[in-house]
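Dropping the structure in here first, questions after.
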Amino acid sequence: AQTVTQSQPEMSVQEAETVTLSCTYDTSESDYYLFWYKQPPSRQMILVIRQEAYKQQNATENRFSVNFQKAAKSFSLKISDSQLGDAAMYFCAYNIPITQGGSEKLVFGKGTKLTVNP
Amino acid sequence: KAGVTQTPRYLIKTRGQQVTLSCSPISGHRSVSWYQQTPGQGLQFLFEYFSETQRNKGNFPGRFSGRQFSNSRSEMNVSTLELGDSALYLCASGTGIPPYNEQFFGPGTRLTVL
């Protein structure tokens, strides 16, 4: 069974600094997707960034980037120039593509609560 | 485009009752997935519907059921409510068609069972 582990229940960062959130996963599949979702206090889940396992290049979205280590099954999120609006729960998630017999099902980690200090 | 909508946003029920939650996906989306979010268990997949058919199901008891209508709107039903069913129920919609499409989440329905 696929599992996603986030070992840091809480993290804090100073505004304008950089923070890295960790995620490891377990799977026997060779093709899959990995995601980071953000859930602010409003509870609206928002996609931050996604990575396709067959792509070696790490995904980036503005201030957000990932360090994808497929052999180590590691998928960390780096937030640069942290802003107060980045404060939220961050969830790492995994998905098997529909083309590989999967579906839209996402397997989530337990989350990391990020606090941004002014 | 309007986002994913969920109704009601808040619900209070007592043990033994049943409840129906509704999710309207983004126009054109044919896939709707449901998740239960609790502080203890985190986010757990309930089921996914695509074109009115259940395509995947999580590990939940038979008290949890769902369906999808021809307009892609989906409902989930929980019968014989238990205290442990108190949770935030999230639905997500996507096109459901390969290779991959982003899933968009609704604001959730907060269910409290007394």
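Here is a list: A:30, A:65. Which entry is without any contact (Cβ under 8 Å) to a residue 60 or more places away in the chain, more than 14 Å from chain B (Cβ to nearest Cβ) and under 10 Å from the mean Cα position of the chain (by Cα)?
Residue meeting the stated conditions: A:65.
Consider residue A:31 against the criteria (1) open to solvent by less than 40 Å² (accessible area, probe 1.4 Å); (2) in a strand (DSSP E or B); (3) closer than 19 Å to residue A:103 by Cα: it satisfies all of them except one. Which criterion is unmet?
That leaves (2) as the condition not met.
Of the residues in the range A:57-86, how many are outside any strand (DSSP E or B), out of contact with any Phe, Trp or Tyr (no Cβ under 8 Å at 6 or more places or on another chain) and open to solvent by 40 Å² or more (accessible area, probe 1.4 Å)?
Summing the residues that are outside any strand (DSSP E or B), out of contact with any Phe, Trp or Tyr (no Cβ under 8 Å at 6 or more places or on another chain) and open to solvent by 40 Å² or more (accessible area, probe 1.4 Å) in the range A:57-86 gives 10.
Would you call residue A:42 exposed (fewer than 15 other Cβ atoms within 10 Å of the Cβ), of a type in the set (Ser, Thr, Tyr) and either touching a Phe, Trp or Tyr at 6+ places or on another chain (Cβ under 6 Å) or modelled with pLDDT under 95 (or both)?
For residue A:42, the condition - exposed (fewer than 15 other Cβ atoms within 10 Å of the Cβ), of a type in the set (Ser, Thr, Tyr) and either touching a Phe, Trp or Tyr at 6+ places or on another chain (Cβ under 6 Å) or modelled with pLDDT under 95 (or both) - is met.
If you go through the range A:102-109 one residue at a time, do you hit one that is assigned to a loop (DSSP other than H, G, I, E, B) and touching a helix residue (DSSP H, G or I) at 6+ places or on another chain (Cβ under 9 Å)?
yes
Just to check your reading of the model, which residue among B:65, B:22, B:33, B:27 is within 17 Å of residue A:103 (Cβ to Cβ) and either more than 11 Å from chain A (Cβ to nearest Cβ) or outside any loop (DSSP other than H, G, I, E, B) (or both)?
Criteria check complete, one pass: B:33.
Inspect the range B:82-91 for any residue being in contact with a Lys or Arg (Cβ under 8 Å, 6 or more places away or on another chain), farther than 27 Å from residue A:31 by Cβ, without any contact (Cβ under 8 Å) to a residue 60 or more places away in the chain and at the interface with chain A (Cβ under 10 Å from one of its Cβ atoms) and give the result as yes or no.
yes
Which pairs turn up if I take residues in the range B:47-61 that are without any contact (Cβ under 8 Å) to a residue 60 or more places away in the chain and look for partners that are open to solvent by 50 Å² or more (accessible area, probe 1.4 Å) and in a strand (DSSP E or B) with beta carbon separation below 7 Å, at least 6 apart in sequence or on another chain?
B:47/B:54; B:47/B:57; B:48/B:55; B:49/B:55; B:58/B:44
Residues in the range A:87-116 that are without any contact (Cβ under 8 Å) to a residue 40 or more places away in the chain and open to solvent by less than 10 Å² (accessible area, probe 1.4 Å): how many?
Residues that pass the stated criteria total 2.
Now for a different question. Tell me, please, whether a residue that is within 27 Å of residue B:88 (Cα to Cα) and touching an Asp or Glu at 6+ places or on another chain (Cβ under 8 Å) can be found in the range A:50-70.
Yes.
How many residues, within the range B:68-83, are part of a strand (DSSP E or B) and either out of contact with any Ser or Thr (no Cβ under 6 Å at 6 or more places or on another chain) or open to solvent by 20 Å² or more (accessible area, probe 1.4 Å) (or both)?
So the answer is 5.
Also, quick follow-up: Looking at (1) modelled with pLDDT of 95 or more; (2) open to solvent by less than 20 Å² (accessible area, probe 1.4 Å), can you tell me which one residue B:31 breaks?
So residue B:31 meets the others, but not (1).
Moving on. Can you pull out the residues in the range A:45-56 that are open to solvent by 20 Å² or more (accessible area, probe 1.4 Å) and either within 11 Å of another protein chain (Cβ to nearest Cβ) or outside any loop (DSSP other than H, G, I, E, B) (or both)?
A:46, A:47, A:48, A:50, A:52, A:54
The values are calculated or read from the model by the stated rules, or taken from the named source; none is laboratory data. Source: prediction; values computed, not measured. Note that each Cβ is placed from the backbone with ideal geometry, even for glycine, and that neighbours are counted across all protein chains shown. Heavy atoms of the whole protein, side chains included, go into the accessibility calculation; ligands, DNA and RNA do not. Shrake-Rupley method; radii C 1.70, N 1.55, O 1.52, S 1.80 Å.
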